[in-house]
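Report on one structure; see the data block that follows.
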Amino acid sequence: MTVKKISILGCGWLGLPLGRFLCGEGFAVKGSTTSDAKLTRLKEAGIEPFKIVVGEALEGDIASFLDSDILMLDIPPGRGDTVVEHHVGQISLLIDALADSPVRYVLFVSSTSVYPAAGREVVEHDAEDPEAADSLAGRALLYAEEMLRSESSFSTTVVRFGGLIGPGRNPAEFIQRMTEIANPAQPVNFIHLDDCIGIIASIIRQGEWDEVFNACAPLHPTRSEVYAAAAESHGLAALPEEQCSSTHFKIVNSGKLVTKLGYKFLHPDPLAMARGSN
């Protein structure tokens, strides 16, 4: 099957630049936002804009939006005590809508928060129990993954991104909102926006469906090292470090992604990301 049309549900920090990139690759891209003000931004990027809200019901022209070959689903679970129930409800609504659409492939943006912080390296099959996830959001995402992957009317590939770095999300900006560095010895699992886009584009080009991929930079310096590098390169005062020794961490292994897709990271080192401007 030749993929020509792609719909991106959630054109935010990742979805908008991804949509712009895919337009440049020759795809017809539809993109959604929940804000009237952002519709013009999508159009200026070459993306056909839709206002779609996924709440207690689906609001907007969902049938036209889902008239595509691929749906990229990038709606974070949110926060609060009811995040699991709310996100599961959102995914249920979308699955029902997908059943009446021509979409045959779904690319679901998930997170490494689906893994327990067990003090060791984790690979894709280590996220099997939603109740063991690192957070309520992680639990919600793992339930969503399972729901989508169990459907037979479309094929789903899941990409579990680590901490997102790029424009507006640099450790130098994070550090200015912090009073101390918590868990300084904890290894980081970061990924740059450029690699997020490159990985998604590689999955689409190669048609790697019915897969689950971790997506984090291959190097994992500590939080102390990353924030020290950010402070030094941006002329900021170093922060005090919380004194603790904890096994509450994970090192996310993205070797499957490298092997299966032949992907080479554009930004393999979080220390270089911390020193950069974006």
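The values are calculated or read from the model by the stated rules, or taken from the named source; none is laboratory data. Everything quoted here is computed from the prediction, not taken from an experiment. Heads up, the Cβs are rebuilt from the backbone with ideal geometry, glycines too, and the neighbour counts pull from every protein chain shown. SASA here: full protein model, heavy atoms, side chains in, ligands and nucleic acids out. Shrake-Rupley method; radii C 1.70, N 1.55, O 1.52, S 1.80 Å.
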- request: Compute the acute angle (0 to 90°) between the alpha-carbon long axis of helix 15-24 and the principal axis of greatest extent of the alpha-carbon atoms of the chain; round to the nearest 10°.
  value: 60 degrees
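Order 44, 145, 25, 124 by their accessible area, 1.4 angstrom probe, all chains in place, largest first. Present the calculation step by step, with values, prior to reporting the outcome.
Details: 44 150, 145 5, 25 90, 124 30 Å².
Most to least solvent-accessible, the answer reads 44, 25, 124, 145.
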- prompt: If you place +1 on the Cβ of every Lys and Arg and -1 on the Cβ of every Asp and Glu, how big does the dipole about the Cα centre of the range 130-228 come out, in debye to the nearest 20?
  reply: 240 debye
Between 0 and 90°, nearest 10: helix 83-99 axis offset from the chain longest Cα axis: 30 degrees
field: residue 194 accessible area, assembled protein chains, probe 1.4 Å, Å²
entry: 70 Å²
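Carbon and sulfur together cover what percent of the accessible area of the chain at a 1.4 Å probe radius? Walk me through the numbers before you get to the answer.
On the way: 6200 of 12560 Å².
In the chain, the share of accessible area belonging to carbon and sulfur is 49 percent.
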- prompt: Across the range 124-252, how large is the tail of the calculated P(r) beyond 20 Å, expressed as a percent of all Cα pairs?
  reply: 56 percent
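Let a ≥ b ≥ c be the square roots of the eigenvalues of the Cα gyration tensor of the range 148-191; is it rounded (a/c under 1.5), or, if not, prolate (a/b larger than b/c) or oblate? Please report the intermediate quantities before stating the final value.
Details: a/c = 4.15, a/b = 2.58, b/c = 1.61.
Prolate shape, in that a/c is at least 1.5 and a/b is the bigger ratio.
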task: Determine which lysines satisfy two conditions relative to residue 256: a Cα distance under 16 Å, and not lying fewer than 8 residues away in the same chain.
output: 264
- request: Taking the Cα centre of the chain as origin, work out the dipole magnitude from +1 charges on Lys and Arg Cβ and -1 charges on Asp and Glu Cβ, in debye rounded to 20.
  value: 820 debye
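Taking N as the number of residues in the range 70-136, what value does Rg over Cα atoms divided by 2.2 N^0.38 Å take? Walk me through the intermediate numbers first.
Working: Rg = 14.0 Å, N = 67, 2.2 N^0.38 = 10.9 Å.
Relative to the rule-of-thumb radius for its length, the range 70-136 sits at 1.29.
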statement: Taking every DSSP bridge whose two residues both lie in the chain, the antiparallel percent to the nearest 5 is 10 percent
- prompt: Counting only residues 5 or more places away or on other chains, whose amide H sits under 5 Å from the amide H of residue 251 once H atoms are built in the peptide plane?
  reply: 120, 121, 122
statement: Checked the range 213-278 with the C-alpha gyration tensor, a ≥ b ≥ c its square-rooted eigenvalues, rounded below a/c of 1.5, otherwise prolate if a/b is larger than b/c and oblate if not; verdict oblate
- request: Would you please name the trypsin sites (Lys or Arg not before Pro) within the range 147-178 that are DSSP coil residues with at most 11 other C-beta atoms within 10 Å of their C-beta?
  value: 177
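Using a 1.4 Å probe, what is the accessible area per residue for the range 1-123, in Å²?
Working: 5590 Å² over 123 residues.
Using a 1.4 Å probe on heavy atoms only, each residue of the range 1-123 averages 45 Å².
Taking the DSSP beta bridges in the range 160-273 as the whole, what percent of them are antiparallel, to the nearest 5? Intermediate results must be reported in sequence, preceding the final value.
On the way: 2 of 8 bridges.
Percent antiparallel among DSSP bridges in the range 160-273 is about 25.
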- prompt: Amide H to amide H under 5 Å from residue 212: which residues, 5+ apart in sequence or cross-chain, H placed 1.01 Å off N in plane?
  reply: 158
query: What whole-number value in Å² describes the accessible area per residue of the range 130-225 for a 1.4 Å probe?
result: 36 Å²
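Cβ under 13 Å from residue 114's Cβ, residue 114 left aside: what net charge do those residues give with Lys, Arg +1 and Asp, Glu -1? List each step's numbers first, then the result.
On the way: positive: 139, 149, 160, 250; negative: 124, 126, 128, 129, 131, 134, 145, 146.
Every neighbour counted, the sum reads -4.
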task: Filter the chymotrypsin sites (Phe, Trp or Tyr not before Pro) in the range 75-167 to those in DSSP coil with at most 12 other Cβ atoms within 10 Å of their Cβ, and list the result.
output: none
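Please compute, over every Cα-Cα pair in the range 1-134, the percentage with a separation greater than 18 angstrom. Could you put the intermediate results ahead of the total?
On the way: 5174 of 8911 pairs.
Of the Cα pairs, 58 percent sit more than 18 Å apart.
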